[in-house]
Amino acid sequence: MLQDYIHAVENAEARRDRLTRQIEEVLPSWSMAPVVAALQAMRGVALVVAVTVVAEVGTSAGSPTLASQWPISARCPASIHPGIQSVAAASPKPGNTLARRVLIESAWT
């Protein structure tokens, strides 16, 4: 049973490496390659994170909804009843879940 788990991990690592190589091969011909390179200049942002963020969010760059794509979690006042003291309510996390996840994971590194 343990050997099956070891093989599963090895297969997943081989697949990850294969996909990363494919991204590296295709990247130079992509029009957003300079943006990917610029993102990689930030600490904790490697190739896969930069490509994911650009692929998920890059197409909406310059649009008024771009801010909704970023992983900003805020608490905002919400009034339950008029005249009663407001309470802080958690706002839903709008935008791109995948972009938020990879940016948070890159911040951990």
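Sort through 13, 24 and tell me the only one that's more than 21 Å from residue 108 (Cβ to Cβ), surrounded by 10 or more Cβ atoms within 10 Å (Cβ to Cβ) and either in contact with a strand residue (DSSP E or B) (Cβ under 6 Å, 6 or more places away or on another chain) or at pLDDT 95 or above (or both). Reasoning before the result, please.
Details: 13 fails: more than 21 Å from residue 108 (Cβ to Cβ).
Exactly one of 13, 24 is more than 21 Å from residue 108 (Cβ to Cβ), surrounded by 10 or more Cβ atoms within 10 Å (Cβ to Cβ) and either in contact with a strand residue (DSSP E or B) (Cβ under 6 Å, 6 or more places away or on another chain) or at pLDDT 95 or above (or both), namely 24.
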inquiry  = For the condition modelled with pLDDT of 90 or more, within 13 Å of the chain's Cα centre (by Cα) and assigned to a helix (DSSP H, G or I), what is the one hit in 53, 57, 35, 49?
reply    = 49
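Please go through the stretch 11-32 and pick out each residue that is assigned to a loop (DSSP other than H, G, I, E, B) and in contact with a helix residue (DSSP H, G or I) (Cβ under 7 Å, 6 or more places away or on another chain). If you could, list the steps in order and put the result at the bottom.
Initially, the stretch 11-32 is screened for residues assigned to a loop (DSSP other than H, G, I, E, B), giving 30-32.
Of everything in the stretch 11-32, just one residue is assigned to a loop (DSSP other than H, G, I, E, B) and in contact with a helix residue (DSSP H, G or I) (Cβ under 7 Å, 6 or more places away or on another chain), namely 32.
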ask   = Within the stretch 75-96, is there a residue that is surrounded by 11 or more Cβ atoms within 10 Å (Cβ to Cβ), modelled with pLDDT of 55 or more, not aliphatic (A, V, I, L, M) and not in a loop (DSSP other than H, G, I, E, B)?
value = no
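The values are calculated or read from the model by the stated rules, or taken from the named source; none is laboratory data. These figures come from a predicted structure and were not determined experimentally. Cβ coordinates were reconstructed from backbone atoms using ideal geometry, including for glycine residues, and neighbour counts include every protein chain displayed.
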